[in-house]
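So the structure is just underneath, and the comments pick up after that.
Every read-out reported here was derived from the displayed coordinates using simple, explicitly stated rules and does not represent laboratory data. Since the structure is predicted, the reported quantities are computational estimates derived from the model, not experimental observations. Note that each Cβ is placed from the backbone with ideal geometry, even for glycine, and that neighbours are counted across all protein chains shown.
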Amino acid sequence: MMRAPRWIAVWVMPAVLAGFAPDARAQVIERELRERVVPRITIAIAGFAPFSMNGEDLGKLGESVLAADLRFTTIFDVMDPATLPFDPRSVQIDQERPLLPGLNSLKVQHLVMGQVSSRGHEAVVEGRLFDVTTGNMVFGKRYVGDPKFYRLIIHRFADDILFNLTGEKGVAQTRIAFVSAVTRTAKEIFVMDYDGASPVAITGNQSINLSPRWSPDGRLIAYTSYRNGNPDLFVLNFDSGRRDVLSAQRGLNVTPGWSPDGQWLAFAMSASGGTNLFLIPKSGGTPKPLTTGPAISVSPSFSPNGRQIVFNSDRGGSPQIYVVDVEGTNLRRLTFQGNYNASPRWSPRGEKILFMCRLAGNQICLMNPDGTGLQQLTSLGGNEDPSWSPDGRHIVFASTRTGHRDLFVMHADGTEQTRLTNNGRDNYLPDWSP
């Protein structure tokens with residue numbers, strides 16, 4: 001087998017620290033991120049009385065998952081059930097309105113009501129949302145599905161609540177693809193819920209599989225696999241289950257990144273000497289070069305408007321962040337502080353670039369698209385492989401702070417860093433679905 005896995009590891013798992021001083025202005029998150037945080041909405045959850053199905057209390061589980069989903073948005077303050085002037089789990093459908101005056105006196109703005117039942121072998125959730133001040137029902141909806149997808153039903157309810165109150169699309173139904181070292185030699189790709197639940201393997205070839213990347217519509221995942229002995233670029237179609245080889249040039253075909261319209265992939269290939277970036281249609285074809293020369297250029301990420309690509313390269317002597325127009329012109333360097341900066345990701349709205357910076361160890365940093373405004377988000381352990389949530393409010397990343405490389409999630413300001421994986425294996429290279 002080729003020695004490329006070691007080379008990839010150098011870019012994926014940089015280890016030795018070499019500090020640089022962050023911009024003093026970067027001790028707090030930039031105004032652009034704060035402007036998107038609306039005043040928190042105080043919300044109470046009622047209902048979800050005990051209901052057993054397949055040996056599990058779906059009422060208790062539903063309330064727990066819904067509360068966690070709403071808190072995670074950073075938009076809701078979810079009331080502690082113990083502070084409510086009634087027993088929330090004793091409330092039934094059509095008993096909500098008498099509760100509203102008491103909630104209004106506590107300055108609760110909205111009440112969520114959930115009732116779980118069954119229809120044959122299916123789980124049913126009756127969900128309602130009330131405006132406490134006006135007494136009006138904002139929306140009511142019945143969710144029906146297989147009990148094994150019950151968490152997804154609750155995630156959908158949470159996203160509907162967020163959308164009806166803010167007009168924003170939530171992330172509760174999103175998923176995270178990542179690499180897990182199932183054995184010493186096998187690195188397989190898994191997909192799990194955004195909160196770390198229900199991980200499922202999508203490769204099982206007992207080989208090395210790396211760098212999963214969701215297409216913008218969430219129907220495809222591009223990744224690199226050594227299943228055929230060479231690091232080839234594959235695309236998995238979730239609808240058909242089909243796996244197509246997109247690029248199998250001898251040498252590296254690695255670190256794919258999708259264009260915003262989902263029609264192109266940028267990736268790194270070493271067939272022509274050096275390791276350079278290329279563009280290739282999602283259906284395959286002749287790769288079009290974006291960079292040239294003997295340097296190593298990897299990890300491309302498109303700007304939201306599709307006009308530019310940010311990437312990292314050692315063309316200046318050490319790995320740094322660069323940007324280039326999609327025509328391969330106007331290449332310029334963005335980072336000048338520190339001797340190792342890698343794995344850049346453009347934010348969904350285009351106002352920030354996320355990347356791994358070497359600052360007292362490997363850390364997660366943010367900067368403006370012109371390279372200014374450096375902000376350090378992490379400080380514990382070695383941190384790498386950052387990826388944005390589709391709404392730009394959250395970040396998933398890999399960290400060694402637990403002894404293994406595990407996946408963590410945090411808000412875009414670096415707060416509430418929470419562990420997602422805990423399987424005793426190394427988990428890394430996450431990518432958040434649309």
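Some points to look at:
- Shape of region 283-328, Cα gyration tensor, a/c cut at 1.5: oblate
- For R425, the shell of other residues with beta-carbons less than 11 Å away shows a net charge of 0, using +1 for Lys and Arg and -1 for Asp and Glu.
- Comparing L377, L106, L366 in a Gaussian network model of the chain (Cα springs below 10 Å), the most mobile by mean-square fluctuation is L106.
- Cβ-defined net charge surrounding N341, 11 Å radius [Lys, Arg +1; Asp, Glu -1]: +1
- Surrounding net charge for N54, when Lys and Arg each add one and Asp and Glu each subtract one, Cβ distance under 12 Å: -3
- For the chain, with +1 on Lys and Arg beta carbons and -1 on Asp and Glu, the positive-most of N422, M53, A342 along the dipole: A342
- Relative contact order %, the chain, counting alpha carbon pairs below 8 Å whose residues are six or more apart: 12 percent
- Size descriptor, Kirkwood hydrodynamic radius, that averages inverse alpha-carbon separations across region 280-434, Å: 16.0 Å
- Exposure here means at most 10 other Cβ atoms within 10 Å; with trypsin sites (Lys or Arg not before Pro) in a DSSP loop as sites, the longest stretch of the chain lacking them is 243-434.
- Calculated translational diffusion coefficient of the chain (25 °C, 0.890 mPa s; Stokes-Einstein with Kirkwood radius over alpha-carbon pairs) equals 107 µm²/s.
- DSSP bridge pairs, the chain: antiparallel proportion in percent, nearest 5: 90 percent
- Using a cutoff of 8 angstrom between alpha carbon atoms and counting only pairs six or more residues apart, the relative contact order for region 216-259 works out to 38 percent.
- Region 233-316: translational diffusion in µm²/s, Stokes-Einstein, Kirkwood Rh over Cα pairs, 37 °C, 0.692 mPa s: 251 µm²/s
- Loop-exposed GluC sites (Glu not before Pro) per DSSP, neighbour cap 14 Cβ within 10 angstrom, longest uninterrupted part of the chain: 1-326
- Think of the chain as having a plus end and a minus end, set by charges on the Cβ of Lys, Arg, Asp and Glu; of P199, G167, T74, P199 sits farthest toward the positive end of this dipole.
- Note on region 323-379: Kirkwood hydrodynamic radius from all Cα pairs is 11.9 Å, rounded to one decimal.
- Region 371-434 - Kirkwood radius from inverse mean 1/r over Cα pairs (Å): 12.0 Å
- Debye-formula intensities of region 41-166, expressed as log10 I(q)/I(0) at q = 0.19 Å⁻¹, are -1.01 (one equal scatterer per alpha-carbon, no solvent).
- Lys, Arg +1 and Asp, Glu -1 on Cβ, resulting dipole of the chain about Cα centre, debye, nearest 20: 1080 debye
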